[in-house]
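**Student:** Let me give you the structure first, and then I'll get to my questions.
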Amino acid sequence: MTYQVDDKGYYGEFGGAFIPEMLHSNIENLKNQYIKLIYEEGFQKEFNDLLKDYVGRPTPLYLAKRLSGLYGGKIYLKREDLNHTGAHKINNTIGQILLAQRLGKKRIIAETGAGQHGVATATVCALMGLECIVYMGKVDIARQAPNVARMRMLGAEVRPALSGSQTLKDATNEAIRDWINNPEDTHYIIGSVVGPHPYPDMVARFQSVISEEMKWQLLEKENRESPDYIVACVGGGSNAAGAYYHYLDDESVTLVAVEAAGKGIHTGESAATSVLGSRGIIHGSRTLLMQTEDGQIVEPYSISAGLDYPGIGPQHAHLIASGRAKVYSATDKEALVSAMELSKIEGIIPALETSHALAILGQMKIKDHEIVIVNLSGRGDKDLATYIDYLDNPEGEHKTDHGHGK
Ligand SMILES: *Cc1c(COP(=O)(O)O)cnc(C)c1O
């Protein structure tokens, strides 16, 4: 059993590249070159130097003693929240901008829902002096003013998508249209392990620095490379893919994926894709997604913007279908309670997405001798409005006025 992509771009039955004919040459070109380019010595040096000096890596592997006291075992937090821009997304955008330069591209496009991937993309374009256009639904632009302001400060042009529901799906359509019209000079930066092959594999490789560091850090602290569990939240799945990467073939490590249950898995307001989803094609790959019987995508719901996505990366679909990864889910309420708890007992305010991963620790029944690593994907500054709302009224309904997905 292999959990890596095969030479046709599949993970078991999931993956592939289901794209309009007019994108064929862009994707072929990327597919034929990415491995060669990213493992070239000069690329690796530049990538690693930027991760160190610009992003601030390696991120600490921190033994959370008081959290361990609550849930048992030894719980380590992999501190992706300490990265420049506050989450893991920058690992991928740094990698892709270096690749774009080597492909001779002068112009970067991306799409964003909540603005987080847009900010990570605008950041690396500013760093490299490349033109940056971020497509964003008009509705999302209105409700994500701080991230829109960040992108503009960073020199990006935020272009409104005016069709359909004016949210992420429409922004994606606009980005694809742009790429079709500008195949020569433009690179499209996708923000998670989703999209047509080779994106899921490429993004996982850029994020794999997370588990590469975990191995030597745990060896230093515990005299072993492998924990018993790795726990990560899954929106599209990029922070989880990076945290799992170097442990995929080590079956002594249980991989735990945590999805957003929203108001409850069966309330109709949820983003628990692997439970509610079925096989289909979304954003150019065959995977699990939330859809109606006639194949219309069901709008997902989660209090956290980054988990509010109707699909899941094809590698995760395969890990889950094959039983390699175990899936849990956490509701909005459970995530909020965990965010408050980690803040109070460890002095770390986590992102709402990450709080879903923390929220299942109590369900895991961790044994005293076991070691758990939770991938702390991001910091909570961006979620302060939601946290304030919760502090003021813990029993009420909470603000979820964000874009769907990244
Ligand atoms: C975007 C985001 C996520 C979800 O994206 P993945 O691709 O599933 O990792 C999780 N946590 C944070 C902090 C994010 O910003």
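The values are calculated or read from the model by the stated rules, or taken from the named source; none is laboratory data. Worth saying up front: this structure is predicted, and the values here are computed from it rather than measured. Every residue, glycine as well, gets a Cβ built from its backbone with ideal geometry; the counts of neighbours run over all protein chains shown.
**Student:** List the strands (runs of 3 or more DSSP E) that sit entirely inside region 130-196 and contain at least 1 residues that are basic (Lys, Arg) and surrounded by fewer than 22 Cβ atoms within 10 Å (Cβ to Cβ).
**Tutor:** 157-161
**Student:** For residues that are among the charged types (D, E, K, R) and outside any strand (DSSP E or B), scanning just region 301-331, find the one that is surrounded by the fewest Cβ atoms within 10 Å (Cβ to Cβ). Before you say what the answer is, go through the steps one by one.
**Tutor:** First, the residues of region 301-331 that are among the charged types (D, E, K, R): 308, 324, 326.
Narrowing the set further to residues that are outside any strand (DSSP E or B) leaves 308, 324.
Values: Asp308: 26, Arg324: 19.
Top of the filtered list is Arg324.
**Student:** Additional query: Go through Arg66, Arg102, Arg79, Arg57 for me and flag whichever is charged (D, E, K, R) and loosely packed, with under 14 Cβ neighbours inside 10 Å.
**Tutor:** Arg66
**Student:** Looking at (1) assigned to a helix (DSSP H, G or I); (2) more than 20 Å from Ile230 (Cβ to Cβ); (3) away from the ligand (no atom under 11 Å from the Cβ), which is the only condition Pro394 fails?
**Tutor:** Among (1) assigned to a helix (DSSP H, G or I); (2) more than 20 Å from Ile230 (Cβ to Cβ); (3) away from the ligand (no atom under 11 Å from the Cβ), the lone unmet condition for Pro394 is (1).
**Student:** Checking the condition farther than 14 Å from Ser377 by Cβ, charged (D, E, K, R) and part of a helix (DSSP H, G or I), which residue from Glu334, Glu353 passes?
**Tutor:** When all the criteria are applied, what remains is Glu334.
**Student:** With the condition being at pLDDT 95 or above and surrounded by fewer than 23 Cβ atoms within 10 Å (Cβ to Cβ), I'd like the strands (runs of 3 or more DSSP E) fully within region 218-294 carrying at least 3 qualifying residues. If you could, list the steps in order and put the result at the bottom.
**Tutor:** Values: elements: 229-233, 254-262, 278-282, 285-289.
In region 218-294, 278-282 are the strands (runs of 3 or more DSSP E) which contain 3 or more residues that are at pLDDT 95 or above and surrounded by fewer than 23 Cβ atoms within 10 Å (Cβ to Cβ).
**Student:** Right, something else. I need the full set of residues from region 27-51 which are more than 20 Å from Met128 (Cβ to Cβ) and either modelled with pLDDT under 95 or of a type in the set (Lys, Arg) (or both), in order please.
**Tutor:** Lys31, Lys36
**Student:** Enumerate the pairs (first residue in region 84-107 and more than 11 Å from Leu130 (Cα to Cα) and touching a residue at least 24 places away in the same chain (Cβ under 8 Å); second residue anywhere and surrounded by fewer than 23 Cβ atoms within 10 Å (Cβ to Cβ) and of a type in the set (Gly, Ala, Ser)) with beta-carbon separation below 7 Å, excluding pairs fewer than 6 apart on the same chain, so at least 6 apart or on different chains.
**Tutor:** His84/Gly56
**Student:** State whether one or more residues within region 377-394 are surrounded by 24 or more Cβ atoms within 10 Å (Cβ to Cβ), at pLDDT 95 or above and within 27 Å of Val253 (Cα to Cα).
**Tutor:** yes
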